[in-house]
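The values are calculated or read from the model by the stated rules, or taken from the named source; none is laboratory data. This is a predicted model, so every value here is computed, not measured. Neighbour counts run over all protein chains shown; Cβ positions are idealised from the backbone, glycine included.
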Amino acid sequence: MRFSLWARAHLRACGSLLQRAGWRWVLLLPLVLLWPHAAGWWPYGAITSLDRAWYDLELTTLCARKGADSRIVIVDIDEASLRQWGRWPWSRAVMAQLVTELLQRQKASVLGLDIVFAEPEGDTVLPGVARVIAQQAGHNPALQTLSRQLQAEMDHDAALVRALQHQPVVMGAYFEKEGASTMVPPPAARALPVPASAHQVLGADWSHVPAMRGYTGSVSGLRDMPFGALNAWIDPDGTLRHIPLVMRHVDAQGVSRFYPSLALAMLQRALPAAQVQVALNPADGASGGSAHLAGVRLSQGADRLWIPSDDRGAMLVPFRGEGGAGAGHFRYIGAADILAGRLPPGSLAGRMVIVGTSVPGLRDLRATPFDRAYPGMEVHASALAAMLDGRFLVAPDYANAWSALWLLLLSGGLWWGLAHAGALRAWFVTLACAAVVVGAQVALFRAGLVLPLAASLVLVVSMYVLHTLMAYLHERRARARLVTLFGHYVPPELVKEMDRQPQSWSLQAQSREMTVMFCDIQNFTAMAEEMAPEEVQRFLNGLFNRMAGVIARHRGTIDKYIGDCVMVFWGAPLPDPDHANHAVHTALELQALMGEYNTQRARQGRPLLRLSIGINTGIMRVGDMGSDLRRNYTVLGDAVNLAARLEPCSKQWEQPLIVGPDTAAAATDFLWQWVDDTHVTGRNRMVELHAPWAPTSAASAYRTQRDLWQQYQSAWRAQHWNSCQTLLTRLLREAPDHLLYRLHAERLHAMRVSAVI
């Protein structure tokens with residue numbers, strides 16, 4: 001039995017806790033929504049785009065470098081060169097002259113051609129003439145000689161082949177996507193070796209590496225020379241951020257071979273003794289799983305160079321800054337200057353030279369994070385410079401695990417930090433978490449690691465927005481409950497105003513000048529003795545409903561009903577600078593309402609009712625007060641106590657309304673008449689009693705009475721009883737039906753009879 005009681009109590013406590021804190025679990029909703037993206041199960045395009053934008057920002061702010069790399073030179077077939085040597089493509093003889101100048105006279109260490117000589121060069125008529133002469137030559141020595149001369153004239157590629165043979169040159173080539181046809185496959189002899197481990201080769205997973213079945217290389221005679229891929233990977237937003245470090249070509253038999261990029265092939269050519277090998281992920285292979293492409297391993301004696309790539313075989317290009325000759329990151333030389341021999345001999349000795357074009361019409365300009373028209377040969381130059389420096393940007397294969405771990409840590413920290421946080425603390429907690437994430441990412445980027453950030457920032461922002469929204473809705477509901485609660489005490493107009501201006505009111509107790517009213521139904525106790533309880537309830541409910549309408553029209557707040565008495569105050573919960581006038585207008589309208597109500601009761605033969613009202617103005621304490629078991633929005637203070645004491649004075653002097661001196665001074669809409677100086681319970685000093693005389697607008701009509709009454713007040717306080725009698729006689733002639741004059745006259749007469757005066 002005890003256990004059952006304990007269990008029920010425990011369940012109730014847990015239910016209450018979940019009800020109070022259940023909405024905070026909604027803060028973990030962003031974690032649930034972002035987890036598929038972070039884990040790599042279902043990438044979200046918008047967040048991936050944000051990651052690209054963040055990468056571009058890091059790249060442009062943290063990787064920009066000043067000064068030119070003196071090891072690499074770019075020979076640009078620019079606009080000036082085309083104007084001097086004619087439109088592109090140039091004759092192979094001109095290209096042979098350019099290559100010879102760079103290799104023989106300028107002593108370049110390696111020459112990379114960002115150009116593909118895909119078709120032979122020759123005349124369209126001579127081949128047919130040469131075939132006819134060759135057929136007719138027979139044993140005719142003259143025709144044989146002419147045929148040999150024509151063949152030599154047609155072979156425009158021979159000069160270029162002779163210029164390139166046995167030279168440190170890397171040709172350009174393009175690999176075409178799966179499904180493209182090709183007549184001539186790339187030379188297998190130029191493929192990079194794959195690790196010899198049978199397990200790794202057989203177990204290797206090349207599914208992420210694009211399979212290229214097409215190949216466009218140079219013409220016969222140039223085809224067997226070293227070449228490098230000129231391909232570039234363009235992201236969905238049209239920006240080049242990666243280039244393939246290696247390309248995978250799949251032949252008709254399904255055999256995969258890997259070929260280097262132009263930059264890698266140039267590095268391989270510059271280090272002839274170096275061994276370059278496609279590397280797999282050793283961890284995957286060792287664990288018995290599928291090995292993935294991880295990069296390229298280059299070794300030369302004791303020296304080792306690791307060039308990482310992603311599992312597509314692509315490397316991030318660490319651009320040095322904006323591209324072009326004006327940027328100054330690489331030395332640009334116009335091809336026309338080389339052909340004209342304007343450079344002193346040996347000017348490029350030991351330099352690695354890339355030949356390409358920056359002319360817009362030749363379609364070798366790329367959009368990069370730094371520049372929307374970035375020369376293609378400078379892309380290869382940037383990759384080559386990174387290889388020479390061993391400075392790479394790597395997106396590791398654990399990037400998804402990293403992102404998922406960050407989401408877990410951030411969501412846990414933010415949930416704990418935001419669960420009980422106010423607006424200011426929530427802002428600082430969110431800002432601190434975002435700063436930690438960004439700071440960690442920047443530090444890792446400086447170390448060469450490129451890791452996703454967008455999902456973490458989206459989580460931080462989403463949790464903050466969700467917390468703010470939930471807190472707002474929670475506060476809104478709480479405020480709505482309070483406003484609904486106040487709706488039982490204040491008029492609907494005030495409730496709407498409180499809802500529109502939540503900052504203008506508060507439940508917290510505070511001191512302010514206000515006006516309070518006590519309104520009592522005279523002789524109700526005796527009348528209620530003859531009524532059944534249900535009848536008393538109906539009677540009070542009907543009467544109080546009518547009175548509440550009057551109070552509402554004048555912005556009053558009903559504090560409480562005390563039997564047949566109602567307590568009302570003005571000036572809270574919303575400030576009311578005209579609270580005294582509103583209170584007096586309410587009291588007078590209540591008296592008028594009671595007059596109409598008595599008319600109905602008289603027709604029904606029921607006894608008439610009278611209201612006695614006391615009003616006072618002063619500093620009082622207003623707010624949510626009470627005990628832990630019962631609280632109430634009410635007013636406290638000496639000014640409130642005085643108002644309660646003034647209400648019986650209304651009965652004593654038969655005045656519908658009696659106010660204190662502060663109310664008489666503050667309610668400027670009315671002329672006030674002094675009633676008496678009296679002692680009230682709880683006060684040592686005399687209290688002035690005042691009653692409303694007339695609206696201020698009628699002051700001129702009461703000028704004579706006011707003057708006489710002020711003289712009477714002074715005579716009374718000075719105890720000049722004869723003067724009081726004389727003044728009362730004159731006042732009664734002015735207003736014979738004035739109840740207050742008659743009451744004072746009766747009091748003065750009673751005092752004379754009892755020989756007090």
- Message: Yes or no: region 670-679 includes at least one residue that is in contact with a helix residue (DSSP H, G or I) (Cβ under 7 Å, 6 or more places away or on another chain), of a type in the set (S, T, N, Q) and outside any strand (DSSP E or B).
- Response: no
- For region 625-646, indicate whether the set of residues that are modelled with pLDDT of 90 or more, crowded, with 17+ Cβ neighbours inside 10 Å and more than 56 Å from the chain's Cα centre (by Cα) is non-empty. yes
- Query: Across region 82-125, which residue is farthest from residue 360 (Cα to Cα) among those that are assigned to a helix (DSSP H, G or I) and of a type in the set (D, E, K, R)?
  - Reply: 105
- Task: Consider only pairs whose beta carbons are under 7 Å apart and that are at least six residues apart or on different chains; among these, list those whose first residue lies in region 99-117 and is in contact (Cβ under 8 Å) with a residue 24 or more places away in the chain and whose second residue is surrounded by fewer than 24 Cβ atoms within 10 Å (Cβ to Cβ) and of a type in the set (Phe, Trp, Tyr).
- Result: 116/174
- Message: Return the pair list, or none, for Cβ contacts closer than 9 Å from residues in region 27-48 that are outside the structural domain of residue 416 (by TED's automatic domain parsing) and assigned to a helix (DSSP H, G or I) to residues that are surrounded by 19 or more Cβ atoms within 10 Å (Cβ to Cβ) and modelled with pLDDT of 90 or more, at least 6 apart or on different chains.
- Response: none
- Yes or no: residue 619 surrounded by 14 or more Cβ atoms within 10 Å (Cβ to Cβ), assigned by TED's automatic domain parsing to the domain that holds residue 652, in a strand (DSSP E or B) and within 59 Å of the chain's Cα centre (by Cα)? no
- Message: Just to be sure before I move on: is residue 567 over 57 Å from the mean Cα position of the chain (by Cα) and outside any loop (DSSP other than H, G, I, E, B) in the structure I sent?
- Response: no
- Going through region 402-436 one residue at a time, which ones are free of Cβ contacts under 8 Å to residues at least 40 places away in the same chain and more than 15 Å from the chain's Cα centre (by Cα)? 405, 409, 412, 413, 416, 417, 420, 422, 424, 425, 436
- Message: Restricting to region 709-737, give me the number of residues that are part of a loop (DSSP other than H, G, I, E, B), without any contact (Cβ under 8 Å) to a residue 24 or more places away in the chain and farther than 18 Å from residue 677 by Cβ.
- Response: 2
- Criterion (surrounded by 12 or more Cβ atoms within 10 Å (Cβ to Cβ), modelled with pLDDT of 95 or more and either under 57 Å from the mean Cα position of the chain (by Cα) or not assigned by TED's automatic domain parsing to the domain that holds residue 269 (or both)) met by exactly one of 110, 129, 116: 110
- Query: Among the residues of region 374-394, is there at least one that is β-branched (Val, Ile, Thr), farther than 21 Å from residue 48 by Cα and without any contact (Cβ under 8 Å) to a residue 60 or more places away in the chain?
  - Reply: no
- Query: If we scan region 688-704, do we find a residue that is in a strand (DSSP E or B), among the charged types (D, E, K, R) and surrounded by 11 or more Cβ atoms within 10 Å (Cβ to Cβ)?
  - Reply: yes
- Please work out if residue 343 is closer than 29 Å to residue 102 by Cα, in contact with an Asp or Glu (Cβ under 8 Å, 6 or more places away or on another chain) and of a type outside the set (Gly, Ala, Ser). yes
- Item | Subset of region 341-372 (residues that are acidic (Asp, Glu) and under 28 Å from residue 104 (Cα atoms)) | 364
- Would region 671-687 turn up any residue that is touching an Asp or Glu at 6+ places or on another chain (Cβ under 9 Å), of a type in the set (S, T, N, Q), surrounded by 13 or more Cβ atoms within 10 Å (Cβ to Cβ) and within 17 Å of residue 740 (Cα to Cα)? yes
- Message: Name the single residue that is surrounded by the most Cβ atoms within 10 Å (Cβ to Cβ) among those in region 407-423 being modelled with pLDDT of 75 or more and not small (Gly, Ala, Ser).
- Response: 414
- Query: Would it be correct to say that residue 342 is buried (at least 16 other Cβ atoms within 10 Å of the Cβ) and basic (Lys, Arg)?
  - Reply: no
- Which residues, counting only those in region 312-331, are in contact with a Leu (Cβ under 7 Å, 6 or more places away or on another chain) and either on the phi > 0 side of the Ramachandran plot or aliphatic (A, V, I, L, M) (or both)? 313, 314, 315, 316
- Task: Could you grab me the full set of residues in region 339-370 that are β-branched (Val, Ile, Thr) and touching a strand residue (DSSP E or B) at 6+ places or on another chain (Cβ under 6 Å)?
- Result: 353, 354, 355, 368
- For residue 295, all conditions in the list (1) in contact (Cβ under 8 Å) with a residue 60 or more places away in the chain; (2) not in a loop (DSSP other than H, G, I, E, B) hold save one; what is the number of the exception? (1)
- Query: Of the residues 581, 541, 523, 545, which single one is surrounded by fewer than 21 Cβ atoms within 10 Å (Cβ to Cβ) and on the phi > 0 side of the Ramachandran plot?
  - Reply: 523
- Is it the case that residue 54 is out of contact with any Cys (no Cβ under 6 Å at 6 or more places or on another chain), touching a residue at least 40 places away in the same chain (Cβ under 8 Å), closer than 23 Å to residue 364 by Cβ and not in a strand (DSSP E or B)? no
